[in-house]
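The values are calculated or read from the model by the stated rules, or taken from the named source; none is laboratory data. Since this is a predicted model, take the numbers as computed values, not measurements. Cβ placement follows ideal geometry from the backbone for every residue including glycine, while neighbour counts extend to all protein chains displayed. Protein only, heavy atoms only, side chains kept; ligands, DNA and RNA dropped before computing areas. Shrake-Rupley method; radii C 1.70, N 1.55, O 1.52, S 1.80 Å.
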Amino acid sequence: MSAAITDPPLFSARIAVPSRLADAVFEAIADAVFEGRLAPGDPLPSEGEIAREFGVSKPIAREALRQLAGAGLVHTQQGKVARVKALNGEPLERFYGFAIRSSLQRLREANEMRLVVETGIARLAARRRAPEGLKVMKAAVGDMERALLDPAAFTEADIAFHHGLALATGNTMMRVQVEGLRSVQREVSELFSRRSNRTEADWAATVERHRAIYLVIEIGDEDGAEKAIVKHYEAADIASFEVAGSQDNGSGRR
């Protein structure tokens, strides 16, 4: 490994368990990412350099890189150097996406989890009110107003709002979790939008529920933020799962 990337060393671990060589290499490099020794966009050493650094074979180094890519920590491309990715919820989003498509019950469970997660996020957002998040939330409410009766645009604005809610906490792990739940939110939002009897007033009421969440967070009302989130979920769940239930074929798969 070149001097430029070994002073100080990026990876502090030495492999001690032969049966878990690739896992150990993965964990050491992941530690370097999470601890900030490797930043988003930084190139990783080549497979050969990683193999020499850890005293393992190239196939082991290659498998560790595959694990890192699968975890969403690095971007790999044939013939190009692997690069560190910014932390995001893509791996979780893929997992939840597969899970909720398996059955209506899994979708219900995932949405219950969203409610539990977002009530806590809303309280923390009201306490911290990180400006970036407030800005995203406010813009999303405006986008929702302009997207009335446009399901696709409305769904994207809805997703942006909840992302802004997480950003308002100033907590990276909260942001990653909400990003991971986008597949769940998209499914619920699209079900809500597909109601055959949904009127423009229904769409407007959804916008107002989001505006209410934003306003109580903006003034730092933690209790109000939690209540506003619960009220929003209660209204959205009734409509969304009525539609989902009518689409269920009785076997648990949709």
**OP:** Among the residues of the range 138-165, count how many are outside any helix (DSSP H, G or I), touching a Phe, Trp or Tyr at 6+ places or on another chain (Cβ under 6 Å) and touching a residue at least 12 places away in the same chain (Cβ under 8 Å).
**Re:** 1
Original post:
If you check Ala82, Ala30, Ala86, which single one turns out to be under 17 Å from the mean Cα position of the chain (by Cα), closer than 30 Å to His163 by Cα and without any contact (Cβ under 8 Å) to a residue 60 or more places away in the chain?
Top reply: Ala86
Original post:
When the range 78-102 is examined, which residues are found to be within 21 Å of Gly170 (Cα to Cα) and in contact with a Pro (Cβ under 9 Å, 6 or more places away or on another chain)?
Top reply: Lys85, Ala86, Leu87
Original post:
Do any helices (runs of 4 or more DSSP H) lying entirely in the range 172-254 carry at least 3 residues that are small (Gly, Ala, Ser) and modelled with pLDDT under 80, and which ones are they?
Top reply: 222-247
Original post:
So which pairs qualify, if the first residue must be in the range 118-137 and within 14 Å of Ala228 (Cα to Cα), the second must be open to solvent by 10 Å² or more (accessible area, probe 1.4 Å), the Cβ gap must be under 6 Å, and the two must be at least 6 apart or on different chains?
Top reply: Thr119/Glu226; Ile121/Met174; Ala122/Glu226; Arg123/Glu222; Arg123/Glu226; Ala126/Gly220; Ala126/Asp221; Ala126/Glu222
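Against the definition (under 23 Å from Gly79 (Cβ atoms), modelled with pLDDT of 90 or more and either in contact with an Asp or Glu (Cβ under 7 Å, 6 or more places away or on another chain) or surrounded by 11 or more Cβ atoms within 10 Å (Cβ to Cβ) (or both)), how does Gly41 come out, yes or no?
Considered against the rule, which asks whether it is under 23 Å from Gly79 (Cβ atoms), modelled with pLDDT of 90 or more and either in contact with an Asp or Glu (Cβ under 7 Å, 6 or more places away or on another chain) or surrounded by 11 or more Cβ atoms within 10 Å (Cβ to Cβ) (or both), Gly41 comes out as no.
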Subject >> Within the range 54-79, tally of residues that are at pLDDT 90 or above, touching a strand residue (DSSP E or B) at 6+ places or on another chain (Cβ under 8 Å) and either among the hydroxyl-bearing types (Ser, Thr, Tyr) or not in a helix (DSSP H, G or I) (or both) >> reply: 3
Original post:
(1) closer than 25 Å to Leu73 by Cα; (2) surrounded by 16 or more Cβ atoms within 10 Å (Cβ to Cβ): which one isn't true of Glu145, the others all being true?
Top reply: (1)
Original post:
If Gln105 satisfies every condition in (1) of a type outside the set (D, E, K, R); (2) within 17 Å of Thr172 (Cα to Cα); (3) surrounded by fewer than 20 Cβ atoms within 10 Å (Cβ to Cβ) but one, which is the exception?
Top reply: (2)
Original post:
Just for the range 108-121: of the residues that are of a type outside the set (Asp, Glu) and crowded, with 19+ Cβ neighbours inside 10 Å, which one is farthest from Asp223 (Cα to Cα)?
Top reply: Ala110
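Residue-wise test of (1) touching a residue at least 12 places away in the same chain (Cβ under 8 Å); (2) open to solvent by less than 40 Å² (accessible area, probe 1.4 Å).
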residue	(1), (2)
Leu21	yes, no
Glu35	no, no
Leu68	yes, yes
Glu90	yes, no
